[in-house]
Amino acid sequence: MLKTSAPIYLASKSPRRKKLLKIFGIEFKTFNVELSEEVKDGEHPIKTVKRLSLEKNKAAEEKIKNGIIITADTIVVLNKRIIGKPASASEAAEYLKLLSGKTHIVYTGFAVKNLNKNKLQIGYEKTFVTFHKLLPGEINSYVATGSPMDKAGAYGIQDDFGAVFIKKINGCYYNVVGLPLAKLYHSLLKVL
């Protein structure tokens, strides 16, 4: 188990990440950092998620002066194309049509910094996700719920109808939700 007297902060507005971090049984506070999640042309997805989580961590340091900061970034990649959070309902439907019947990769990068000890760990996880062939009615009904709008790839594997789109996953389930718990746990141990 994780034991520390340092305050722990999750710099994320994601309710899914907050729920996952509670699994560790630790006390933590959450807050959001505003950051333009810019994807650079030709940048490998692993480099992208690690860079964005580190940028979020540095932005969080502007608000927090002591303790441990956890940040993360998740992207979905299909055939080398990064599929982020949809900007509109029509874009969400387009993303789901693209993913239908295919296997994509979910990458989550994370950064953990203990400000008191100036220790930093950066890591990532990748998981392969295969979708069933989706019917237009399923896509339209799901998009109408509004659920896809705050999720990379326009779907959630947990707690909503997006779960039935998934035929199989190969890798860490929690990574697809938004935090690769095993890797994050071991990184936290290294900064304590």
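A short reminder: the numbers here are calculations on the coordinates, not readings from a lab. Remember, it's a predicted structure, so these values are computed and weren't measured experimentally. Because the Cβ atoms are built from the backbone with ideal geometry, glycine has one as well, and the counts that use them run over all protein chains shown.
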> Taking the alpha-carbon centroid of each part, what is the distance from the range 122-192 to the range 54-87 in angstrom?
Replying inline: 16 Å
> When the chain is modelled as a GNM with alpha-carbon springs shorter than 10 Å, which of Lys126, Lys102, Lys151 fluctuates the most?
Replying inline: Lys102
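I'd like the GluC sites (Glu not before Pro) in the range 93-149 restricted to DSSP loop residues with at most 10 other Cβ atoms within 10 Å, sorted by number.
Counting only loop positions with at most 10 other Cβ atoms within 10 Å, none of the GluC sites (Glu not before Pro) in the range 93-149 qualifies.
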>> Taking R0 as 45 Å, what FRET efficiency do you get between Ser90 and Glu27 from their Cβ-Cβ distance, rounded to the nearest 0.05?
In response: 0.60
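Given only helices, namely DSSP H runs of n ≥ 4 each adding -39500 (n - 2.57), what is the per-residue ellipticity at 222 nm of the chain, to the nearest 500 deg cm²/dmol?
-9000 deg cm²/dmol
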> Helix 89-99: angle to the longest alpha-carbon principal axis of the chain, degrees 0 to 90, nearest 10?
Replying inline: 80 degrees
>> From the alpha carbon gyration tensor of the chain, can you work out the equivalent ellipsoid semi-axes (sqrt of 5 times each eigenvalue) and give them in Å, largest to smallest?
In response: 30, 16, 15
> Once the dipole of the chain is set up with Lys and Arg at +1 and Asp and Glu at -1 on Cβ about the Cα centre, which of Asn140, Ile75, Ser100 lies farthest towards its positive end?
Replying inline: Ile75
> Mean separation of Cα pairs under 8 Å and 6+ residues apart, divided by the residue count of the chain: what relative contact order is that in percent?
Replying inline: 23 percent
